[in-house]
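Each value in this text was obtained by applying a stated rule to the coordinates, not by laboratory testing. Not measured: the values here are computed from a predicted model. Neighbour counts are summed over all protein chains in view; Cβ atoms, including those assigned to glycine, are modelled from backbone coordinates with ideal geometry.
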Amino acid sequence: MHIKEETIAILKQFDIGNKFASLSTLRKASVLIPLMVKNGELCALMTLRSQEVSRVCALARLLERNYGGVTCVSVQLRTSPGEVCFPGGKRDPSDEDDVDTALREAEEEIGLPPADVQSGLLVTPVVGFIDEAFRPRPNPAEVSAVFTVPLDLFASDKDHDAAGMIPSFDFVDPDSGTHFHIWGLTAMFAILVAVLALRRTPEFHVFNSEEPFSFLQQILHQRTSKL
């Protein structure tokens, strides 16, 4: 079985249901975690927020919804200019649901057409496969860089650091030589996808890999209580 099909099969085994329904009173927004197989390795596509951005970057509640093969997750979070995050943002009145929000934001931010997010997909916490041939067209008003990170990074202790309960990672993009610092809820999402998709226990202590969502719920409550 190929990497993509195997990953889809693994992720379909997980469903968060309404575990995070207690966060539903927060303002709705969505993020999309695009996965691709690059040079035979499972990678996640990430963005660096433009220094011009001064807005709240998505999240209201974790919600599993499938739309054209995309499963979306939402959570309330303040993302500052210059921080690494996944494509996403606040819901517009014209959006039908959280998935519409995630796909619209991804198209606005990096030029990813919704139709190019392949179907047959997953479940939690938020994934959509895209083709390795995709060439981002970042909106300079919102995104200053788009790059891919091997998921394996988020299960390895080599480039990991943690301040309290919040993990962080340092990554140097081999294509551009640029250094990126990935932390906070973005790092948590990446760790969860890595643990589930790669079926690996992290080399560092962050949560019980058999019950990762209970730890994520704790982090979400901690973050949202400060809003």
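Modelled label-to-label distance, VAL37 and GLU108, 7 Å Cα→beta-carbon offset: nm?
Distance between the two pseudo-spin positions: 3.3 nm.
Please compute the net charge surrounding ALA145, taking Lys and Arg as +1 and Asp and Glu as -1 over other residues with Cβ under 11 Å from its Cβ.
Charge balance in the 11 Å sphere: -1.
For the peptides 129-140, 144-155, what is the packing order when you average, over each peptide's residues, the other Cβ atoms within 10 Å and list the highest mean first?
Packing proxy ranking, top to bottom: 144-155, 129-140.
Which of the peptides 171-183, 188-200 is most tightly packed, and how do the rest follow, judged by the mean count of other Cβ atoms within 10 Å per residue?
Packing proxy ranking, top to bottom: 188-200, 171-183.
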